[in-house]
Amino acid sequence: MPAGAGRRGLPQGRHLCWLLCAFTLKLCQAEAPVQDEKLSVSTSNLPCWMVEEFVVAEECTPCSNFQTKTTPECSSTGYVEKITCSSSKRNEFKSCRSALLEQHLFWNFEGAVVGVALVFACLVIIRQRQLDRKALEKVRKQIESI
């Protein structure tokens, strides 16, 4: 029987590939109108710092308990900075990320990466020792059989 005689059409893996490509294309087309709607939103609803230049009046600081309850900008990060918009001269609050918080998250990530690296390094060493023992046992058996 010649190779591939029992098959018709594309191999199963290629069907899956074409299916994923078609799904991705449909998903991208479905999201495109949503982006157009976002662009058509009037700028009167947006905070001034999104549509004009601004100057930071107060650096990024943690929100107080009162600010957390009353200021929506505090809810996302827990930190807020006071800004002054250049054109409209309005004072507003803008959510921000603290440098101290970012540093803490960075070192947590680095510690996790080092921990995972050490675990896998130990696994490699253990596996290498097992393979070395098997190879030595095989050589010993071959020598004994002579």
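The values are calculated or read from the model by the stated rules, or taken from the named source; none is laboratory data. Small disclaimer: the values here were computed from a predicted structure and weren't measured. So basically every Cβ, Gly included, is an ideal-geometry build from the backbone, and we count neighbours across all protein chains shown. Protein only, heavy atoms only, side chains kept; ligands, DNA and RNA dropped before computing areas. Shrake-Rupley method; radii C 1.70, N 1.55, O 1.52, S 1.80 Å.
In table form, for the structure just shown:
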| item | result |
| --- | --- |
| Within region 47-95, trypsin sites (Lys or Arg not before Pro) in DSSP loop having at most 11 other beta-carbon neighbours inside 10 Å | Lys89 |
| Region 45-146, accessible surface, carbon-and-sulfur percent (1.4 angstrom probe) | 62 |
| Where N is the number of residues in region 40-146, Cα Rg divided by 2.2 N^0.38 Å | 2.25 |
| Approximate spin-label separation His104-Phe66, in nm, with each point projected 7 Å along Cα-to-Cβ | 2.4 |
